[in-house]
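The values are calculated or read from the model by the stated rules, or taken from the named source; none is laboratory data. As the structure is a computational prediction, the values presented were derived from the model and not from experiment. Cβ placement follows ideal geometry from the backbone for every residue including glycine, while neighbour counts extend to all protein chains displayed.
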Amino acid sequence: MKYFKLYITILLITLVGCSDDFLDRTSLNDLGSDNFWSNEADAEMALMGIYSALQNPYLFDSDPYTGGVTRLDYLTDDGYTAWQWMAGAPIAIGQHNATSWLIGDFWTANYRVISRANRVIARVPEIPGIDEEIANRIVAEAKVLRATSYNLLGMTYQDVPLITEPQAVEEADVPKSDRSEIYAFITQDLEAIIDDLPNPADIAPSEFGRIDKGAALAMLSRIYLYNDQFSEAAARAKDVIDLGYYSLAPDYDALFSVANENSNEVVFRVAFDRIIDEGSSFAAYWGYIDYQRALPDLAEAFYTIEGEPIEESSLYNPEIPSENRDPRFSATLLSNGDTWKGEPVTIDEDYYFQRKYTEEENNEDHFNSPQDFYVIRFADVLLMRAEALVQSGAYDESEVIELINQVRDRVDMPGVEETAGIGLSQEELMEVIKHERRVELAFEGLRYFDLVRWEELDDVYQEYMDSEYQRLLDLGYPDVRPRSFISYKWPIPQGEIDVNENLNQHNEW
Amino acid sequence: MRKFLILFTLILSFQPGMFAQGSITVTGTITEADTSVPIPGVNILEKGTDNGVMTDFDGNYSIEVPENATLVVSFVGFTAQTLEVNGRSEIDIVMKEEAAALDEVVVVGYGTKKKVNLTGSVASVNMDELEAIPAGNSASVLQGRLPGVTVSNFSAQPGNDNPQIRIRGIGSFNAGQEPLVIVDGVQSQLNQIPLTDIASVSVLKDAASAAIYGVRAANGVILVTTKRGKSGKPTINIRSNVAFQEPVVEPDFLDSYDWAMIRNEWAMAEGGNPVYTDEQIQTIRNGSDPDRFANTDWWDAVTQTGILQTHSASVNGGTENIRYMISGEFLDQEGIVVGTDTDRKSLRSNLDVDVSEKLKIGLNIYGFSRETGEPSLRSVGNPGNFENNLLYSLRRFTQPTVPIRYSSGEYGFVDGLYPDGGMIIRNPLWEATTGDSRTEQFRVEGKLFASYELLEGLTFTSSLANIHSSSINTRFVPTYQQFSGEGEVVNQNINNSLSNNNTTFKRFVFENLLNYDLSLGKHDFTVLLGHTAQEERNDYMYGYIQNFPNNELRELGAGVSNPQVDGNAYEVALQSFFGRLNYTLDKKYLFEMNLRYDGSSRMPQESRYGLFPSFSAGWIISNEDFLKDSSTISLLKLRGSWGQLGNQEIGNYAYVQNIATGADYILGGSIAGGVAVNNLANPNITWETTTISDVGIDVNFFDSRLQITADYFQKNSSDILIRLPIPNTLGVNNGPYQNAAEVSNKGWEADVSYRNNVGDLDYFAGFNFSTVKNVIEDIAGLENWISGNTINRVGHPIGAYYGYVADGYFDSEEEIENAASQWGTLRPGDIRYKDISGPEGIPDGQITAEYDRQIIGNPYPKYNYGFYLGGAFKGFDLNLFFQGVSGIERFFWYNTENIGQFTNSILDNWSETNRDAAYPRFGNSANNYNMSTFWLRDASYLRLKTMELGYNIPQSFTQQLAIPKVRLYFVGNNLYTFTDVEEFDPEVESSDVRSASYPGVKAYSFGINITF
């Protein structure tokens, strides 16, 4: 028993001296911020965190319900979104307000990109011993991604808080900046980092998907174009062309499939793969859904194979709309008389479905598709340069026509000279470009912004309401009301105004 | 203690005897009633004299008394007996243990205490009375038994039926609200302990009793002890129950004709065409084409009579130095919903060894394995997740016109409308029986302990405890095809898949206690000092793969495509020092102080330790001279306590700014690991603190036959964690938790019990009642925050229902024109709402979410009560127990969509000729189905919770079979419910607005209990 007493004595001594290490438990899944930002690998992981934020369902992986960038076409004359419980619907029917779903989530998704980028931009250069060239490249990529989101905010809410540094909760009440300040900041920001990025030709296959010099220049060109800085836009588009790396893929239809994701036409992509949490649902096949469809207005915009509008052509067959059409019609839309998944398609007249990007072969697990989304492809760069030249007023018609014709040639469509002639006015040329953008870039998340910057969104809505197709919107769902138009500016989300005392709603709202 | 008493009585008995004339010597043996074991040390006294003796170690006595003497036989803890000698020279006496006397002992933190000496508020329940209740979950039987303890059985799913337990209201928004459960001194769970293993359940409700558990005690503490061996002949107990279960409430759904008529009416009211043509309606009515237009009762198709069986055996006994209790139980349950079942096999062994006078050791081992089956395509739990819920599917995605099976034998999925309209239903019977989801759980709990008496009254106890629990869920979804009546495939799954979820939990506890008892004249001291170190780790692993060669191979290795894997783990630790001092003066004045110093790994390094004190005092007035001899009042005690408790359930690493992994991307076709800050941390986060003041009174009358206990408490929880909304421009999911809110709970509780007998009839009755007022005192200076149909607002309870105030129906177009604007195109028969306010603070002629909603109901019961009455007469016993809640509301938001099934009550919908209808007109869903008082119901109820009727077969008969005791019994559970809620069970989770919970059950149980 003596030993037992001894045991107790030893025990008591041990307890009193019990080390506090026992209580030191840290997360087993996540990294602690204390020892993060210490090496190049940390920097790369934080950079991937920004890219990952682009895969957001309200940005570049939108399905019919979430209605982000990849579904914004369905808020235009290219398509419609019918049900109230789909995020884009209130905007599609002109009933949106500061508490609408997409209004809130599109904001949040973009600021997530921005906040992750701000952290990388501020912290990576401070990592001890990091190779300066590597740090500069990572920061440059972060800046392009940040600018991508600011551009999306600038094209929707227009005036938003300009946040460029990592923030604590106490610093979060930032007032909004004028749209012009946003664009001044992001354009200057990108101009300064172009040379920190590698040429596309120097990107190793294992790094496909990272922003390179071509992606940065193309995004910069787009931002200038969206901000009506036409000569700058034209110049930056030319820089992309002059890199000499990019070319148009021979098969337009096949371009929008996994096999051609690494085509030299793809300038800026958001990558996906069929791995848990990394697959895309924007390319999912939703069946013949009646709550989100392409509109006949888009279908009718495609010329016949001879380059004529369908109403002027005898080649048009209303029974089989895809017959004798611009090949991009069939690549873009599914219509009556087509074949889909090996079965003939029977759809009532005037009904069309999105075919572009939609996975056909694979019907297993298709909400987890490996399909990448092309944010910018070379055809867009050519058309951006063409438009920027024309809009700037200082252009050579033959250069513009040659740019457009490159896009047409690829699908064996007749050139501009044949369809519209030469010696066109600036306005006529713009019409050609607008049409070309519509048929070339349908369902690539661009139409909404094009209509906003051309200030045509309200017109096309009205045109549509006046047309015989208005009845298509009457789907028998009581929630569907005629489109009305409120403002190009989206309201600032009410939730943001509620918690940020320095943020005021737009006067329009 | 018993030895001390023997000594004491021996001393008393050494007195010169007095011998009267005609005296005889009476001899005999005194035994204990239950075990027939002889009792040594029993005092036998000739009444009215000092003549007395005691039984020897074999229970024998011998006394010389006059022939006509009266003997008084008494022993501490047993009912005293008086008997006439009447010239007998041999009298064997059987003594019964005293049932409810002042010596009743209750389990408290780190020990036991005589109930009479308690200074805190501790509720306990007599588990013997609950053993026979058919329950798959032991915690559920506590419902209504303990004042101040709200037990809600929200789901009766076999294997997934853990009740919600809240003690004295709710004091937290985001941190845990579950009470701490300590089983035989180790943090564990009550749900999976066989009822027959439980010796006692005590609930520590106030800070005085719970402060010894410090930072884990803010939600109250439930102490459970299991049965231990008693020295003596082994007692074998065998018990078997079979219970038949049915839903408490069976909703009546419309038959297909009525349904189709309503469906048409509704579609037309929305401006559409009738869904079914007259011809189809006719077919539905005459049932001539059952493949295309059936009349299916889906509820009937997926519910069945559930069977719950429990069979247990135990052996209890020991020698003077070694005592054991070993038991085993088998529980098997077939649920009332097709495809749900569970079985559990458990073993327990509690061993005590007195190695020497001073050294005692013990070993507790408990283990069970459990297998639970449920549908794999859709869940029967989680009613808030409507889309994925089978019982919600039954309501929302079926229709009576689809047959359960077509005449071809295939399951039905579409009615005759298909393919030109008509929904592909979710056939609930097919969903309940296709594929498989099984969870196997294994849990082993062990505790080894030793105590050593260092000095007289000073004992040191050391223990090691380990819990290891693992759970493996495998869920298989087969390939399948769904057909129309014509045999056309309407839907199919070509990818079978398997997912495995494995969880392993480990807890290790090392504990050392020092107890010291000291009595100095009138002064009694008890001192406890202790140290505990506890650590826990949880590991989770997930694997998934698709495309198995057939539907029979169900192991991950057999799958082919799309493999997925995931996993995570956490570790937490707690180190604590604690102490308790009890001081009793003259058996009248009681004082107690507890201190606990807890260090928790969940807190930031600099402020890891917190001190949780409590102080309490009691005054046993009935021990004062002026009441000592009262024959009416046997106990009168006043108590008061104050103390502080903590709640550390604030997340495992809330103070660390973690950078989350998993923000991955794809580079060059391969995954590239990414990280991001998703949640902002609060480096200064700390536990929530709850301060409780309690005053109580205990009064017993008439030899404690009538017992009354009442308590008033004020419980104030501060530093409550809340997550204030942050601008989304911060780019994170959530802002940091802050200790910034305050909530109070005030209330009182009373417990009254009475027990008496008239001749052979023993009878008893009791009543308990509690009320608590839950008030949010502060939310970081905010006025409120709204979450869906609930609101947290200062001055009101947590999670109060928030909605519009319905004001009847619009009667006419004029009324609509003169009323505030609402939603949609208003017509007579639409619900009218009160225009409560507007931007100017006055009604603005417009019903808006911002200005016209108000607090309309309370999701938690204001009053909880239970009462019982019963009796025993010549071998028969009957016990009725009622349980009720009141002052509680629920949303019953069904028949609000134009598809799915409708219950019968929808026939009472508004029309010109039926203006006083239960439902508004069809159409205008934007207006009529807003969350408003219209859909809110008083969910108060009173239940005949249990009715037990037992019969003890006379021993004269059973002894011939060499079986001392046989009891046959019937127990009815939830036999009758009094409530205003129609068509559904009022006892549902607050979030379950569509009654999608696994239905509550009533049970008819038959059992036999044999004791050798």
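Given the structure, is B:Val151 in contact with a strand residue (DSSP E or B) (Cβ under 9 Å, 6 or more places away or on another chain), over 30 Å from B:Ile633 (Cα atoms) and modelled with pLDDT of 85 or more? Considered against the rule, which asks whether it is in contact with a strand residue (DSSP E or B) (Cβ under 9 Å, 6 or more places away or on another chain), over 30 Å from B:Ile633 (Cα atoms) and modelled with pLDDT of 85 or more, B:Val151 comes out as yes. Filtered by the rule that a residue be within 38 Å of the chain's Cα centre (by Cα), crowded, with 16+ Cβ neighbours inside 10 Å and within 14 Å of another protein chain (Cβ to nearest Cβ), segment B:435-493 gives B:Phe449, B:Ala450, B:Ser451, B:Tyr452, B:Thr459, B:Phe460, B:Thr461, B:Ser462, B:Ser463, B:Val477. The condition (being without any contact (Cβ under 8 Å) to a residue 60 or more places away in the chain, in contact with a Lys or Arg (Cβ under 7 Å, 6 or more places away or on another chain) and surrounded by fewer than 23 Cβ atoms within 10 Å (Cβ to Cβ)) is satisfied by just one residue among B:Asn388, B:Asn316: B:Asn388. Condition (residue is part of a strand (DSSP E or B) and charged (D, E, K, R)) applied to segment B:883-892: is it met by at least one residue? Yes: one or more hits.
Scanning segment B:321-367 for residues that are of a type in the set (Ser, Thr, Tyr) and in a strand (DSSP E or B) turns up B:Tyr324, B:Ser327, B:Thr342, B:Ser346, B:Ser349, B:Tyr366. Across segment B:522-548, which residue is nearest to B:Val108 (Cα to Cα) among those that are within 9 Å of another protein chain (Cβ to nearest Cβ) and of a type in the set (S, T, N, Q)? Ranking the candidates gives B:Gln546 first. So which residues in segment A:398-417 are crowded, with 17+ Cβ neighbours inside 10 Å and either among the basic types (Lys, Arg) or in a helix (DSSP H, G or I) (or both)? Answer for segment A:398-417, where residues must be crowded, with 17+ Cβ neighbours inside 10 Å and either among the basic types (Lys, Arg) or in a helix (DSSP H, G or I) (or both): A:Val400, A:Ile401, A:Leu403, A:Ile404, A:Asn405, A:Gln406, A:Val407, A:Arg408, A:Arg410, A:Val416.
With respect to the conditions (1) part of a strand (DSSP E or B); (2) modelled with pLDDT under 95; (3) crowded, with 19+ Cβ neighbours inside 10 Å, B:Arg507 falls short on a single one, namely (2). For segment B:345-377, the candidate set comprises residues that are touching a Gly at 6+ places or on another chain (Cβ under 8 Å), of a type in the set (Lys, Arg) and crowded, with 18+ Cβ neighbours inside 10 Å; within that set, the residue that is nearest to B:Pro247 (Cα to Cα) is B:Arg370. Checked against the criterion of being of a type in the set (A, V, I, L, M), crowded, with 20+ Cβ neighbours inside 10 Å, more than 30 Å from B:Val885 (Cα to Cα) and in contact with a Ser or Thr (Cβ under 7 Å, 6 or more places away or on another chain), the candidates B:Val107, B:Val65, B:Val94 yield just one match: B:Val65. Output the residues belonging to segment A:153-194 that are within 30 Å of A:Glu455 (Cβ to Cβ), within 14 Å of chain B (Cβ to nearest Cβ) and either touching a His at 6+ places or on another chain (Cβ under 9 Å) or not small (Gly, Ala, Ser) (or both). If the condition is that a residue be within 30 Å of A:Glu455 (Cβ to Cβ), within 14 Å of chain B (Cβ to nearest Cβ) and either touching a His at 6+ places or on another chain (Cβ under 9 Å) or not small (Gly, Ala, Ser) (or both), then A:Leu153, A:Tyr157, A:Asp159, A:Val160, A:Pro161, A:Leu162, A:Ile163, A:Thr164, A:Val174, A:Pro175, A:Lys176, A:Ile182 are the ones that fit. Among the conditions (1) crowded, with 23+ Cβ neighbours inside 10 Å; (2) within 14 Å of chain B (Cβ to nearest Cβ); (3) farther than 27 Å from B:Pro725 by Cβ; (4) not acidic (Asp, Glu), the only one that A:Pro205 does not satisfy is (1).
Each residue in segment B:691-746 was checked for being away from chain A (no Cβ under 14 Å), more than 20 Å from B:Gly646 (Cβ to Cβ) and either among the polar types (S, T, N, Q) or surrounded by 20 or more Cβ atoms within 10 Å (Cβ to Cβ) (or both), and 7 pass. Scanning segment B:69-83 for residues that are modelled with pLDDT under 85 and not aliphatic (A, V, I, L, M) turns up B:Ser74, B:Phe75, B:Gly77, B:Phe78, B:Thr79, B:Gln81, B:Thr82. Residues that are among the small types (Gly, Ala, Ser), closer than 17 Å to B:Leu195 by Cα and out of contact with any Cys (no Cβ under 8 Å at 6 or more places or on another chain): does segment B:368-376 have at least one? The answer is yes, given that some residue of segment B:368-376 is among the small types (Gly, Ala, Ser), closer than 17 Å to B:Leu195 by Cα and out of contact with any Cys (no Cβ under 8 Å at 6 or more places or on another chain). With respect to the stated conditions, B:Arg263 fails to be in contact with a Phe, Trp or Tyr (Cβ under 6 Å, 6 or more places away or on another chain) and not β-branched (Val, Ile, Thr). State whether one or more residues within segment B:511-521 are more than 10 Å from chain A (Cβ to nearest Cβ) and under 29 Å from the mean Cα position of the chain (by Cα). Within segment B:511-521, one or more residues are more than 10 Å from chain A (Cβ to nearest Cβ) and under 29 Å from the mean Cα position of the chain (by Cα).
Elements of the type helices (runs of 4 or more DSSP H) sitting completely within segment A:433-509 and holding at least 1 residues that are of a type in the set (Phe, Trp, Tyr) and at pLDDT 85 or above: these cover A:447-453. Could you list all residues from segment A:15-49 that are at pLDDT below 65 and loosely packed, with under 11 Cβ neighbours inside 10 Å? Once the filter is applied, which keeps residues that are at pLDDT below 65 and loosely packed, with under 11 Cβ neighbours inside 10 Å, segment A:15-49 yields A:Val16, A:Gly17, A:Ser19.
In this structure, A:Ala283 does not qualify as buried (at least 21 other Cβ atoms within 10 Å of the Cβ), within 22 Å of A:Leu403 (Cα to Cα), of a type outside the set (Val, Ile, Thr) and in contact (Cβ under 8 Å) with a residue 12 or more places away in the chain.
For segment B:216-233, the criterion of a residue being at pLDDT below 95, more than 19 Å from the chain's Cα centre (by Cα) and outside any loop (DSSP other than H, G, I, E, B) is satisfied by at least one position.
Taking segment B:549-667 and the strands (runs of 3 or more DSSP E) fully enclosed by it, the elements with 1 or more residues that are within 12 Å of chain A (Cβ to nearest Cβ) and closer than 30 Å to A:Pro205 by Cα are at B:561-585, B:658-661, B:665-667. Among the residues making up segment B:869-923, those that are touching a Phe, Trp or Tyr at 6+ places or on another chain (Cβ under 7 Å), polar (S, T, N, Q) and within 14 Å of B:Asp830 (Cα to Cα) are B:Thr896, B:Asn909. Of all residues assigned to segment A:459-466, none qualifies as being farther than 22 Å from A:Asp73 by Cβ, in contact with a Lys or Arg (Cβ under 7 Å, 6 or more places away or on another chain) and among the aliphatic types (A, V, I, L, M).
When A:Tyr316, A:Tyr374 are checked against the criterion of being in contact (Cβ under 8 Å) with a residue 12 or more places away in the chain, touching a helix residue (DSSP H, G or I) at 6+ places or on another chain (Cβ under 6 Å) and either outside any strand (DSSP E or B) or not polar (S, T, N, Q) (or both), a single residue qualifies: A:Tyr316. Scanning segment A:35-76 for residues that are within 8 Å of another protein chain (Cβ to nearest Cβ) and farther than 19 Å from A:Ala140 by Cβ yields a count of 2. Taking the stated definitions as given, is B:Gly384 away from every other protein chain (no Cβ under 14 Å), on the phi > 0 side of the Ramachandran plot and not acidic (Asp, Glu)? It is false that B:Gly384 is away from every other protein chain (no Cβ under 14 Å), on the phi > 0 side of the Ramachandran plot and not acidic (Asp, Glu).
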